[in-house]
Amino acid sequence: MGCPMNNRKPQETRISSARDTLLLLLKSLPMGCFFNIYSFGSTFEHIFPTSVEYNEKTMEEALKKVEKMEANLGGTEILWPLEHIYSQPCIPKQPRQLFVFTDGEVGNTKEVTGLVKKNAGSHRCFSFGIGEGASSALINGMAKEGGGHAQFITGTDRMQPKVMQSLRFALQPAVEDISVSWDLPKGVTATIVSPPITAIFQGQRSLIYAQLARQSSEATDGSVTVKYSLAGHPSQNQLHFNLKPAEDSGLTVHRLAARTVIRSLESEQRTHRGQQDEEVKKKVVELSVQSGVSSSFTAFIAVNKDGGKAVQGPLVRRNIPTPSFGRRLVVSLGKTLHPTTDGGQRARWRLCMAASLLSVFPRTAVATL
């Protein structure tokens, strides 16, 4: 974390950005919650033996220690501090919230996200990637499995709105237990191609893409039902739609769906490194070429034909080295949540359907939540 945030601001290091982010978060916590702060690298430390109540005294003590933090703990071993945090009993009526700040990547992303998922029933995880070298697989994976929200902070971003947004999400109930069911004519099937959504917070939008395939059916109408739970109260919304493709639908939605599938496969490839690499890579390349959407294994190449000369010579591969990293931060926070959504217990869902033909996605439906 002693490395610069980016090449444009070499004087701003990642540890200083992480420290500033944590200081802002500390000063914004609500009175009466319980908190603790862990710093981790090759080893880990925590400010208090156990979580303490947030008040003027504990806040001042934490602020003084955070201001002195340096990138002096070595590598990135996040699994050990997480195991220690999860081993601590939850405080009654104080749901546990984790805020994780890191600037790098780990070699055991699968184990880390698996541990977060295993404990998802007792906490939510909000992750922050500091600097341009933060691992998107780790940051997004922890937030996804922990039912939280991921943020990336680079040297060009304003820190305050992102921190306050995640804190606001942590202090409100989330839409959970989300499921999608289809009522379609005989011969029509729907396959959801986007990753499952585990939680949605007030003010967030999530997309669900589905591939509709029709063998033979004269019926033209169908419906999709979204069921979910908000603050323990089940709700559902239903949308009826026409299966007849619009004449001017174009391929935009299909390419967006392909992009979502590609990003999901790329994340899976980074998380499960090993025997599945080549198989996943093959799927990504095939889908990328067919849909015209670039990926981590493909790219668009521009050729200047004005010179009238043939392009010769092999492509050149350039490897960009990843710098070493130091101290990372985890904040453990407990706070009682209160429903604040419109109507008390009901979230508002907006669904729209798009139907046009493409060889990769014969018909694509997109639900905007």
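The values are calculated or read from the model by the stated rules, or taken from the named source; none is laboratory data. Keep in mind that what you see is a predicted model, and the values were worked out from it rather than measured. Here Cβ is always computed from backbone atoms with ideal geometry, including for glycine, and neighbour counts include all displayed protein chains. Keep in mind that these areas ignore ligands, DNA and RNA; they rest on the heavy atoms of the full protein, side chains included. Shrake-Rupley method; radii C 1.70, N 1.55, O 1.52, S 1.80 Å.
Ligands, DNA and RNA are left out, and with a 1.4 angstrom probe the accessible area of region 108-223 is 45 Å² per residue.
Label sites at Lys64 and Gln172, each approximated as a point 7 angstrom past Cα along Cα to Cβ, lie 3.7 nm apart. Of Ile301, Ile91, Ile78, Ile197, the residue with the largest accessible area leads and the full order is Ile301, Ile91, Ile197, Ile78 (1.4 Å probe). Loop-resident trypsin sites (Lys or Arg not before Pro) (DSSP state other than H, G, I, E or B) in region 168-228 with no more than 11 further Cβ atoms inside 10 Å of their Cβ: Lys186, Arg205. Cross-link reach is defined here as a Cα-Cα straight distance under 18 Å, omitting same-chain residues fewer than 8 places apart; for Lys244 the aspartates and glutamates meeting it are Asp183, Glu218, Asp221. Taking the Cα atoms of region 156-221, the ratio Rg/Rh between the radius of gyration and the Kirkwood radius comes to 1.20.
If you average the alpha carbon positions of region 286-313 and of region 92-171, how far apart do those two centres end up, in angstrom? One Cα centre to the other: 36 Å. log10 I(q)/I(0), Debye, Cα-only region 148-193, no solvent, q = 0.13, 0.14, 0.29 Å⁻¹? These q points yield log10 I(q)/I(0) values of -0.57, -0.60, -1.09. For Phe48 and Arg214, a Förster radius of 56 Å and the Cβ-Cβ distance give a FRET efficiency of 0.40, rounded to the nearest 0.05. All alpha carbon pair distances within region 30-187 were sorted into 5 Å bins beginning at 0; the resulting P(r) in whole percents reads 2, 8, 16, 20, 22, 16, 8, 3, 2, 2, 1, 1, 0, 0.
Is region 133-275 best put as rounded, prolate or oblate by its Cα gyration tensor, with a ≥ b ≥ c the root eigenvalues, rounded for a/c under 1.5, and otherwise prolate when a/b is larger than b/c, oblate when not?
Values: a/c = 2.15, a/b = 1.56, b/c = 1.38.
Because a/c hits 1.5 or more and a/b exceeds b/c, region 133-275 counts as prolate.
What pairs from Lys227/Lys281; Lys65/Lys117; Lys110/Lys283 go past 22 Å between their alpha carbons? Correct reply: Lys227/Lys281; Lys65/Lys117. Legend: calculated FRET efficiency, Asn242 to Thr298, from the Cβ-Cβ distance at R0 = 30 Å, rounded to 0.05, equals 0.30. Here Asp221 sits with roughly 100 square angstrom of accessible surface, probe radius 1.4 Å. For Lys68, the aspartates and glutamates whose Cα comes closer than 15 Å to its Cα, not counting residues fewer than 8 places off in the same chain, are Asp20, Glu45, Glu60.
Give me the number: length gained by fully extending Lys118 to Met164, i.e. 0.36 nm times residue separation minus the C-alpha to C-alpha distance, one decimal in nm. Don't skip to the end; give the middle numbers.
Details: separation 46, 0.36 × 46 = 16.56 nm, distance 2.70 nm.
Taking 0.36 nm per residue and subtracting the Cα distance, the gain is 13.9 nm.
The slack between Cys90 and Lys309, meaning 0.36 nm per residue of separation minus the straight C-alpha distance, is 71.9 nm. The equivalent ellipsoid that matches the C-alpha gyration tensor of region 106-217 spans semi-axes of 32, 16, 15 angstrom, in descending order.
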